[in-house]
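Chemist: I'd like to ask some things about the structure below.
The values are calculated or read from the model by the stated rules, or taken from the named source; none is laboratory data. This one's a predicted model, so the numbers in the text were calculated from it and none came from an experiment. Here the Cβ is made from the backbone with ideal geometry for all residues, glycine too, and neighbour counts use every protein chain on show.
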Amino acid sequence: MSAEDHYLDALEALDNGNKEEALIQAYKVVKLDPEHADAWQVISDSHLNPNGQADNLIEASKSLSAVKKIVNLDPSRIDMWVRGGRLLADELGLMIDALEWWQEVRHHAPGEVTPLIEQATIMADLGLYEEGRERIETILNENMDVATSQYGRVHQLLGLFNSAIQQDQNQYFKPWEKRHPGWLAIESKMRKPPVSETFIFMLVTVPILFGVVVLSNMLAGEGFTAFCLTSIVIFVAVIAGMRFTKNMFRSINRPAFNLLRAMNFESSTGYSVISEEIKTSVLYMYILQRKPIAWQERMLLIVEEDTALPKNWKLELPDFESHLDDLGYIEDGDEQSPFWENSEAAEPLEEE
């Protein structure tokens with residue numbers, strides 16, 4: 001059978017939900033034709049669970065390997081670049097590698113907004129607010145085309161970065177600093193799970209709404225005007241309660257967010273910075289159980305290896321302007337002499 005025959009069999013098996021047979025046929029295709037990008041996509045699809053179900057570490061890694069083959073063969077496959085970035089950051093927790101992955105996308109698709117948004121999101125998770133704002137400002141400064149579905153995310157990230165930068169930078173939790181005050185806050189709250197935003201909203205807003213309803217008949221009376229006035233007061237109370245709840249949620253659960261950042265740091269670097277006491281706490285297990293299965297399995301491997309953070313360690317970010325060289329914006333630095341100083345200048349014409 002030819003490679004195309006095996007490929008058609010792989011597609012049919014995948015459509016029927018038989019992933020094992022699809023993998024067998026797809027691997028036969030790439031053995032006969034290693035540059036068959038569509039067969040590599042079948043391999044990537046077959047290693048992922050349908051309907052958005054979580055994948056284990058082995059399956060996610062194999063799917064990522066197939067994605068790398070696809071983008072090497074066809075760098076214009078933005079859908080595969082997106083899949084690879086999501087697997088790296090969300091499923092495997094390799095955020096630093098994901099930053100480099102999205103930067104590589106900019107080499108092949110410099111006009112795409114998605115790489116910049118994803119880089120900014122990762123930097124927000126790592127607490128790199130200034131660098132993240134630069135990614136969002138690049139979108140605005142270059143007047144890039146932003147899809148309607150991405151406008152909200154861009155403005156949300158920009159607001160987050162602006163508010164964070166205005167605060168004292170010493171308050172930013174840095175997991176790689178052993179004596180950072182954020183560790184003490186984590187230890188003080190590690191025996192309890194984080195408080196849900198819904199619970200805070202109910203605790204704060206419901207008593208106010210109950211009081212408005214009870215007092216509305218006494219103060220506003222009855223009738224259509226009183227009904228409209230009461231409705232407006234309830235609406236304002238709900239909006240104010242939602243804003244107050246968000247601020248309270250971030251303030252109360254700041255130790256949980258700090259611990260999440262520390263866990264993201266460990267998963268990204270492979271170094272262990274969280275103490276054994278915190279790793280066995282209720283808060284740590286609460287966060288770990290809500291991560292993807294592949295992320296959990298990889299984190300457990302990091303915990304078992306327990307590799308200490310090297311001294312004088314520094315976070316190295318990719319060169320976010322590396323794609324400009326491909327566009328011709330970065331010169332080599334070799335100055336060219338004017339044409340009139342060229343030794344091979346044309347000789348003057350002689351009159352006949």
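Chemist: Are there any pairs, at least 6 apart or on different chains, whose C-beta atoms fall under 6 Å, with the first in segment 113-127 and not assigned by TED's automatic domain parsing to the domain that holds Asp79 and the second in a helix (DSSP H, G or I) and crowded, with 24+ Cβ neighbours inside 10 Å, and if so, which?
Modeler: none
Chemist: What about Ala262, is it farther than 22 Å from Ala54 by Cα, aliphatic (A, V, I, L, M) and touching a helix residue (DSSP H, G or I) at 6+ places or on another chain (Cβ under 7 Å)?
Modeler: So Ala262 fails the test.
Chemist: Anything in segment 20-61 that is acidic (Asp, Glu) and within 20 Å of Gly85 (Cβ to Cβ)? List them, or say none.
Modeler: Asp45, Asp55, Glu59
Chemist: With respect to Leu203, is the statement that it is surrounded by 12 or more Cβ atoms within 10 Å (Cβ to Cβ), of a type in the set (A, V, I, L, M) and within 20 Å of Leu128 (Cβ to Cβ) true?
Modeler: Spelling it out, it is not the case that Leu203 is surrounded by 12 or more Cβ atoms within 10 Å (Cβ to Cβ), of a type in the set (A, V, I, L, M) and within 20 Å of Leu128 (Cβ to Cβ).
Chemist: Something else: Can you find a residue in segment 166-187 that is of a type in the set (Ser, Thr, Tyr) and part of a helix (DSSP H, G or I)?
Modeler: No; the residues of segment 166-187 include none that is of a type in the set (Ser, Thr, Tyr) and part of a helix (DSSP H, G or I).
Chemist: Since Met190 meets every condition but one in (1) within 29 Å of Pro310 (Cα to Cα); (2) among the hydrophobic types (A, V, I, L, M, F, W, C); (3) at pLDDT below 90, which condition does it not meet?
Modeler: (3)
Chemist: Also: Within the bounds of segment 91-104, is there any residue that is closer than 30 Å to Phe320 by Cα, of a type in the set (Val, Ile, Thr), assigned by TED's automatic domain parsing to the domain that holds Arg135 and not in a loop (DSSP other than H, G, I, E, B)?
Modeler: Yes, because at least one residue in segment 91-104 is closer than 30 Å to Phe320 by Cα, of a type in the set (Val, Ile, Thr), assigned by TED's automatic domain parsing to the domain that holds Arg135 and not in a loop (DSSP other than H, G, I, E, B).
Chemist: Which residues, counting only those in segment 278-296, are charged (D, E, K, R) and loosely packed, with under 15 Cβ neighbours inside 10 Å?
Modeler: Arg290 - this is the single residue of segment 278-296 that is charged (D, E, K, R) and loosely packed, with under 15 Cβ neighbours inside 10 Å.
Chemist: Also, quick follow-up: Can you say whether Arg86 is in a helix (DSSP H, G or I), in contact (Cβ under 8 Å) with a residue 40 or more places away in the chain and of a type outside the set (Asp, Glu), as far as the supplied structure shows?
Modeler: no
Chemist: Can you confirm whether segment 67-90 contains a residue that is of a type in the set (Asp, Glu) and at pLDDT below 90?
Modeler: So far as segment 67-90 goes, no, none of its residues is of a type in the set (Asp, Glu) and at pLDDT below 90.
Chemist: Could you check, for segment 162-170, whether at least one of its residues is crowded, with 16+ Cβ neighbours inside 10 Å and at pLDDT 80 or above?
Modeler: Yes, because at least one residue in segment 162-170 is crowded, with 16+ Cβ neighbours inside 10 Å and at pLDDT 80 or above.
Chemist: Right, here's the next one. Can you pull out the residues in segment 295-320 that are of a type in the set (Asp, Glu) and assigned to a helix (DSSP H, G or I)?
Modeler: Across segment 295-320, the qualifying residues are Glu297, Glu304, Glu305.
Chemist: Related question: Going by the structure shown, is Glu305 surrounded by fewer than 18 Cβ atoms within 10 Å (Cβ to Cβ) and closer than 25 Å to Glu59 by Cα?
Modeler: yes
Chemist: Just to check your reading of the model, which residue among Lys62, Lys31 is exposed (fewer than 15 other Cβ atoms within 10 Å of the Cβ) and outside any loop (DSSP other than H, G, I, E, B)?
Modeler: Only one candidate qualifies: Lys31.
Chemist: From the list Asp9, Asp45, Asp55, Asp79, which one is of a type in the set (Asp, Glu), outside any loop (DSSP other than H, G, I, E, B), within 23 Å of Arg298 (Cα to Cα) and assigned by TED's automatic domain parsing to the domain that holds Glu100?
Modeler: Answer to the selection: Asp45.
Chemist: Could you figure out which of (1) closer than 28 Å to Lys311 by Cα; (2) in contact (Cβ under 8 Å) with a residue 24 or more places away in the chain isn't true of Thr280?
Modeler: That leaves (2) as the condition not met.
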